[in-house]
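These notes concern the structure reproduced below.
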2 protein chains.
Amino acid sequence: MSPKITTELLKQLRQVMKSPKYVQEPVQAYIVPSGDAHQSEYIAPCDCRRAFISGFDGSAGTAIVTEQHAAMWTDGRYFLQAAHQMDNNWTLMKMGLKDTPTQEDWLVSVLPEASKVGVDPFIIPADQWKRMAKALRSAGHDLVPVKENLIDTIWTDCPQRPCKPLITLNLSYTGVSWRDKIVALRSKMAERKVLWFVVTALDEVAWLFNLRGSDVEYNPVFFAYAVIGMNTIRLFIDGDRMMDPAVREHLQLDSTLEPEFKIQVLPYGSILSELQAVGEGLSPKEKVWLSDKASYALTEAIPKAYRYLTPYTPICIAKAVKNASETEGMRRAHIKDAVALCELFNWLEKEVVPKGTVTEIIAADKAEEFRSQQKDFVELSFATISSTGPNGAIIHYKPVPETNRTLSVNEIYLLDSGAQYKDGTTDVTRTMHFGTPSAYEKECFTYVLKGHIAVSAAIFPNGTKGHLLDSFARSALWDCGLDYLHGTGHGVGSFLNVHEGPCGISYKTFADEPLEAGMIVSDEPGYYEDGSFGIRIENVVLVIPAETKYNFKNRGSLTFEPLTLVPIQTKMIDVNLLTEKECNWVNNYHQKCREVIGAELERQGRHEALQWLIRETEPLLRAQ
Amino acid sequence: MSPKITTELLKQLRQVMKSPKYVQEPVQAYIVPSGDAHQSEYIAPCDCRRAFISGFDGSAGTAIVTEQHAAMWTDGRYFLQAAHQMDNNWTLMKMGLKDTPTQEDWLVSVLPEASKVGVDPFIIPADQWKRMAKALRSAGHDLVPVKENLIDTIWTDCPQRPCKPLITLNLSYTGVSWRDKIVALRSKMAERKVLWFVVTALDEVAWLFNLRGSDVEYNPVFFAYAVIGMNTIRLFIDGDRMMDPAVREHLQLDSTLEPEFKIQVLPYGSILSELQAVGEGLSPKEKVWLSDKASYALTEAIPKAYRYLTPYTPICIAKAVKNASETEGMRRAHIKDAVALCELFNWLEKEVVPKGTVTEIIAADKAEEFRSQQKDFVELSFATISSTGPNGAIIHYKPVPETNRTLSVNEIYLLDSGAQYKDGTTDVTRTMHFGTPSAYEKECFTYVLKGHIAVSAAIFPNGTKGHLLDSFARSALWDCGLDYLHGTGHGVGSFLNVHEGPCGISYKTFADEPLEAGMIVSDEPGYYEDGSFGIRIENVVLVIPAETKYNFKNRGSLTFEPLTLVPIQTKMIDVNLLTEKECNWVNNYHQKCREVIGAELERQGRHEALQWLIRETEPLLRAQ
């Protein structure tokens, strides 16, 4: 993978940063955040402005360009990838390392006195604006909103914003109708004494209306906003999608409805002016609820005294706790996903070992092919990380022709992949060796497995936040002087985004909401040796009530149930490093894989994959 | 312990809340925080305003009185104590429980429209003011500073502010001279481009000048502020303490000094006007550094544009990393402290078992007596928690005649105690049974011990924050449905406050500074059964470099070394619940106690205590 040459682009950007056509006064620095106007993690091609200007296309990163410098902040998952994709015009700022300056500190250190720093107010979240503006102000600089996006002005072949058809989801998938979701939302609004709620996150709009789309690759969402009043519902959405009879019926657009459930459909682009009108019509004590991560532009539309900002919206919190229909859907999706992976791994063993003709890309494509054979398959849930040998150490690697390696019997293979099914979202990582792993590789794998089990089998009282479990995943690695530079888990949507809040298992977060039964997160510790290999073991797990001897004085307790049921390669395990309890966990897990996935493989007539499953789930034997 | 009757006092307070003599406009609520003007945790009697108005005298708590209500917020350590000490006028708000409202939310729920909420601006930290003011403002209320403290106006017999002689500490104790500390501070100030630093915390003033005092019980500090400029040093302190020739020589007050080390001594009460003068004399870009926990009054003295606020001051951070002289002093102090406790426990065994005449107060006094026999003993480092049976479940219990129980062979005894020696500060908890503990008591004790060991033996990479280790202490308890409602550890000063920042081991904190070699914290998990018993095992531990097999790619790693060397009662341990590694930890720890403390007992000719130590440090035998 060769870096993108950005000399000419940066020159153009620096010109528009001074052009009176776009800025009232020249800006000495311009910030290019990762997200779109909805603060999405995964974005449409037309929103990949940071990748356009820098070449770095990982899912997280912020670029800042000044007259002299161009710098990119990203986290441990992307240190290698960003270094590979960016040319010498760019300085990589490794977030999470002690000596890396924050964006604010760096700006203050490089800017001339009384500088202006520009940013697109629709792209920067209000909370980031606030922090950045404050830090700059206290150093004598100014953060200024630049209405026209400056990257767009130099991006001559920028693709169009997508506007694809919608999918309606009925009660058997969602468990709750959109009307009941509106009722529940309004009751939360009444509790907090707010009159309006602005839905800005794409997955929240999709969840609220039980609709899905495909405007953003991997995320079944569509570009829209919604503004919910106590008696009104406004949906801001473009295109002829609202002409689809199925959508019209689903939203009851043509029915005679109680007025408070009548949906008013407005153009996507009118959100700002409509919201400004709402803001102007407010009386004292009338509040508007927004996420504190909503864009600065929308937040500013509501006068400060009328804003009610929270880090997590009531929709985000309700969405995280899956109901029985959603949980059952997630179970079904994970069973189908496991069938596809058993097929894949069986196929890989047959192809890699004797022939050596399978590349990372071929393996990824084959995984997608097997998944697409399963019922209700929609698309992948993220770009498949199919990586062998040193590529495995690039944490969010995606194989491209320039980097594509051939799987062999000499290297570790790491596959992190998942899919969107109409009944659920999957995300699973398995690490395997098709030949004979070294003692060191087995040692590292076994520490990662111990960490995975420590989280998966953890019992904790009701009210515990997920970040408090993160160190459990690291303890075995730490004991030997190993670690990994990413969080241990993230929330997973139900036929929605594969990463969602407000819960997770990460040392980086403190403000996560406590785990509760019905929440779904990933458990994915890893270990990465730059230039050699990567190891990660990931299951999606459901938070369930636990039974304990003393039950926390009736406070109750929780634990996890793996939804992912794919064998963990026993060849990679050094059984002597496992405790008896850990060994039993692996054997019980494999027993369940054999029973549940075995039955489905049988039902689908996939006999060869079934044989593979049975071989791979043989119990571990531990020396006494 | 009977509750304080507060009906009359609350009536008086509600009168002054409306009196034009003290408030410009009536205040509908008045906040009485815990602290003093230095945001100290331990306070002088004249500052115990919250205890005066409510009766609740625990170390943490905030009272709010409105025209109709009186409410007290405190944390899990004090739920029982507060409930015992307060009468029916008061509502206890249990912080940390899910349904407990925040002070702001509660105020908003009970106040009439457009209320004024008063608070003493010298007592409320600026960060709390800001949060509270914002929440109240957004609900249409106002937080207002009330210059005269309203509690003081009704507290007719309020004691005088203490003003006791100072102790000077030479280099053999401190390792670094006050001049070198000023030089280091100024270099940190230059790094951040600030011209002034305001020292507001009492332990920071004491540490900076290598002075100690006794104005506050248990904390060797004195009432003072300091303002450090790049060329000036101002010390705000009252009384004739500066007349002491030893102090004058220590501070070189009468020497011909470079002007930048000349200390200007000013009255304690002049800090506000002097700081206002500093604030008025500032030019643009000239900044004043304050803790964001400094009082609202002092923070407001500096115009907002000139303030540089940080959660931890450079003094706080420098003070936390003990140098070789301080570490050696802490080791010596802990050896002496262990000698005293061996004497105590030996004495208790002789007295409790056959005679049954020892009460909690007698035991606490005896502990102090043995400690006071040790070299350089100054005072206790906190009120001794000497508690037997159900009193042990009151986490920060202090025996008083009304609650005083007699130690017996039927109940668990918990002793949490410590002392100030001129060379260091100690804090140790041991839990013991003088008869035969039940299987359940042993089970709980052993889980707590497993948690204690999990933290003490933890290995973690450089840069890890202490709060990430908190769950290690709970894992064994959680597995059985048990937990404790306090953090696992706090920073410990070196002949300074027994609780200090910026590090600790607590799930409640996220903003702690990463642990580094030389920091000293406590490791004190517990388990409490209301109405029955309390268990806690606490050592003070030093952060030291660790050796690991792979050394975190040269990032380096850390672990803990116990400074506390007092036997852990093996009678309370269910050996079958320990792993081999845990069993070895206990045996190695006891071996070290026997060697180090045994030698000192021998040297001091304390032969009977030595025999006790040898008996109590017999190795555990674990069934294979």
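Please figure out what share of the DSSP beta bridges in chain B is antiparallel and state it in percent, rounded to the nearest 5. Counting only bridges with both partners in chain B, antiparallel ones make up about 75 percent. Taking one quarter of the surface of the convex hull spanned by the alpha-carbon atoms of segment A:6-153 gives a direction-averaged projected area of 8.2 nm². Summing charges over neighbours of A:Leu577, with a neighbour being any other residue whose Cβ is under 9 Å away from its Cβ, gives -1 when K and R count +1 and D and E count -1. Couplings 3J(HN,Hα) for segment A:305-322, derived from phi with the Karplus relation 6.51 cos²θ - 1.76 cosθ + 1.60 (θ = phi - 60°), are 5, 9, 7, 10, 10, 9, x, 10, 7, x, 5, 4, 6, 5, 4, 6, 8, 6 Hz, where x marks Gly and Pro. One compactness figure for segment B:198-328 is 1.09, namely its Cα radius of gyration divided by 2.2 N^0.38 Å.
For chain A, the longest principal axis of the Cα atoms and the long axis of helix A:607-616 meet at an angle of about 80 degrees.
Taking a ≥ b ≥ c as the square roots of the Cα gyration tensor eigenvalues, segment B:390-527 comes out oblate, since a/c reaches at least 1.5 and a/b does not exceed b/c.
Be a star and scan segment B:472-515 for residues whose amide nitrogen sits under 20 Å from the point 7 Å along the Cα-to-Cβ vector of B:Glu217. It comes to B:496-500, nothing else.
Relative to the longest principal axis of the Cα atoms of chain B, the long axis of helix B:360-372 makes an angle of roughly 90 degrees. According to the Kirkwood relation over distinct C-alpha pairs, the hydrodynamic radius of the protein assembly as shown is 33.4 Å. Most tightly packed first, judged by the mean number of other beta-carbon atoms within 10 Å of their residues, the peptides B:608-614, B:164-170, A:240-246, A:74-80 read A:74-80, B:608-614, B:164-170, A:240-246. Relative to the longest principal axis of chain A, what angle (0 to 90°, nearest 10) does the C-alpha long axis of helix A:324-355 take? Taking Cα atoms only, the helix is inclined about 60 degrees.
Summing Cβ point charges (Lys, Arg +1; Asp, Glu -1) relative to the Cα centre of segment B:167-318 gives a dipole of roughly 600 debye. Taking every C-alpha pair closer than 8 Å and separated by at least 6 residues, the mean separation divided by the residue count of segment A:6-153 gives a relative contact order of 26 percent.
Can you give the calculated 222 nm mean residue ellipticity of the protein assembly as shown, where each DSSP H run of n ≥ 4 adds -39,500 (n - 2.57) and the sum is split over every residue, rounded to the nearest 500 deg cm²/dmol? Walk me through the numbers on the way to the answer.
On the way: 38 runs with 412 residues, N = 1248.
Result for the protein assembly as shown, helices only: -10000 deg cm²/dmol.
Could you list A:Glu618, A:Glu343 in order of exposure, starting from the residue whose Cβ has the fewest other Cβ atoms within 10 Å? Let's see the in-between values first.
Details: A:Glu618 12, A:Glu343 25.
Ascending number of Cβ neighbours within 10 Å: A:Glu618, A:Glu343.
Take every DSSP beta bridge whose two residues both sit in segment B:167-318; close to 55 percent of them are antiparallel. Between B:Thr91 and B:Ala70, B:Ala71, B:Met72, the built amide H atoms are under 5 Å apart, and every one of these is 5 or more places off in sequence or on another chain.
Could you pull out the GluC sites (Glu not before Pro) across segment A:71-158 that fall in loop regions by DSSP (anything but H, G, I, E, B) with no more than 15 other Cβ atoms inside 10 Å? Before the final figure, lay out the partial values.
Values: sites: A:Glu104, A:Glu113, A:Glu148; in loops: A:Glu113, A:Glu148.
Those that pass, being in a loop and sparsely packed, are A:Glu113, A:Glu148.
Summing charges over neighbours of A:Leu251, with a neighbour being any other residue whose Cβ is under 12 Å away from its Cβ, gives +1 when K and R count +1 and D and E count -1. Just going by the charge dipole of segment A:321-616, with Lys and Arg at +1 and Asp and Glu at -1 on Cβ, which of A:Pro354, A:Thr426, A:Gln591 is farthest out on the positive end? It is A:Gln591. Its Cα centre serving as origin, segment A:321-616 has a Cβ charge dipole (Lys and Arg +1, Asp and Glu -1) of approximately 540 debye. The same position B:Pro259 in the other copies lies at 7.8 nm from this copy, comparing label points 7 Å beyond Cα toward the beta-carbon, shortest first. On the beta carbon distance between B:Ile614 and A:Thr102, with R0 = 51 Å, the FRET formula returns roughly 0.35. Site pair A:Glu328 and B:Glu191 shows an inter-label distance of 6.0 nm when each label is modelled 7 Å from Cα along Cα→Cβ. With its label point defined 7 Å out from Cα along the Cα-to-Cβ axis, B:Val400 lies at 7.2 nm from the matching points of the other copies, in increasing order. For the segment A:451-463, counting C-beta atoms of other chains within 10 Å of every residue's C-beta and taking the mean gives 2. In nanometers and ordered shortest first, the copy-to-copy spacing of the B:Lys164 label point, defined 7 Å from Cα toward Cβ, is 7.4. Approximating the spin labels as points 7 Å out from Cα along Cα→Cβ, the B:Lys350-to-B:Gln373 distance works out to 0.9 nm. Packing order of peptides B:289-300, B:347-358, A:475-486, highest average first: B:289-300, A:475-486, B:347-358 (average count of other Cβ atoms within 10 Å over each peptide's residues). Spatial offset of segment A:116-150 relative to segment B:426-464 amounts to 50 Å, using the alpha carbon center of each.
Shielding value for A:541-553 is 3, the average number of Cβ atoms from other chains within 10 Å of each residue's Cβ. For A:Glu25 and A:Ser532, a Förster radius of 51 Å and the Cβ-Cβ distance give a FRET efficiency of 0.50, rounded to the nearest 0.05.
Multiplying the residue separation of B:Asn88 and B:Gln160 by 0.36 nm and subtracting their alpha-carbon distance yields 22.9 nm.
Taking the Cβ-Cβ separation of A:Asn410 and B:Asn588 as r and a Förster radius of 56 Å, what is the calculated FRET efficiency to the nearest 0.05?
Working: r = 43 Å, r/R0 = 0.77.
My answer for the efficiency is 0.85.
Among B:Asn149, B:Trp106, B:Ala71, pick out the residue whose Cα is farthest towards the positive end of the charge dipole of segment B:6-153, where Lys and Arg carry +1 and Asp and Glu carry -1 on C-beta, about the Cα centre. Of B:Asn149, B:Trp106, B:Ala71, it is B:Trp106. Computed 3J(HN,Hα) for segment B:455-460, one whole-Hz value per residue from the Karplus formula 6.51 cos²θ - 1.76 cosθ + 1.60 where θ = phi - 60°, is 6, 4, 9, 4, 10, 8, glycine and proline marked x.
Given Cβ point charges of +1 (Lys, Arg) and -1 (Asp, Glu) and nothing else, what value in debye, to the nearest 20, does the dipole of segment B:544-624 about its Cα centre take?
Details: 11 positive and 11 negative charges, 63 e Å.
Magnitude of the dipole: close to 300 debye.
Averaged over the residues of A:132-138, the number of partner chain Cβ atoms lying within 10 Å of the residue Cβ comes to 1. The loop-placed GluC sites (Glu not before Pro) in segment A:527-590, going by DSSP, that have at most 14 neighbouring Cβ atoms within 10 Å of their Cβ come out as A:Glu547.
Derived scalar couplings between HN and Hα for segment B:123-134 equal 9, 8, x, 4, 5, 5, 3, 4, 5, 5, 4, 5 Hz in order, rounded to whole Hz, by the Karplus curve 6.51 cos²θ - 1.76 cosθ + 1.60 (θ = phi - 60°), x for Gly and Pro. Taking label points 7 Å from Cα along the Cα-to-Cβ direction, A:Ala305 and B:Glu602 give a separation of 7.9 nm. Here the protein assembly as shown carries DSSP beta bridges of which approximately 75% are antiparallel, counting only pairs with both residues inside. Close amide H partners of B:Tyr550, meaning residues 5 or more places away or on another chain with modelled amide H under 5 Å apart, are A:Gly481. For chain A, the percent of C-alpha pairs falling in each 20 Å distance bin, counted from 0 to the bin holding the largest distance, reads 18, 51, 28, 2.
Every number in this text was worked out from the coordinates using simple rules, so none of it is lab data. Model, not experiment: these values are computed from the prediction. With ideal geometry, Cβ positions are generated from the backbone for all residues, glycine too; neighbour counts draw on all protein chains shown.
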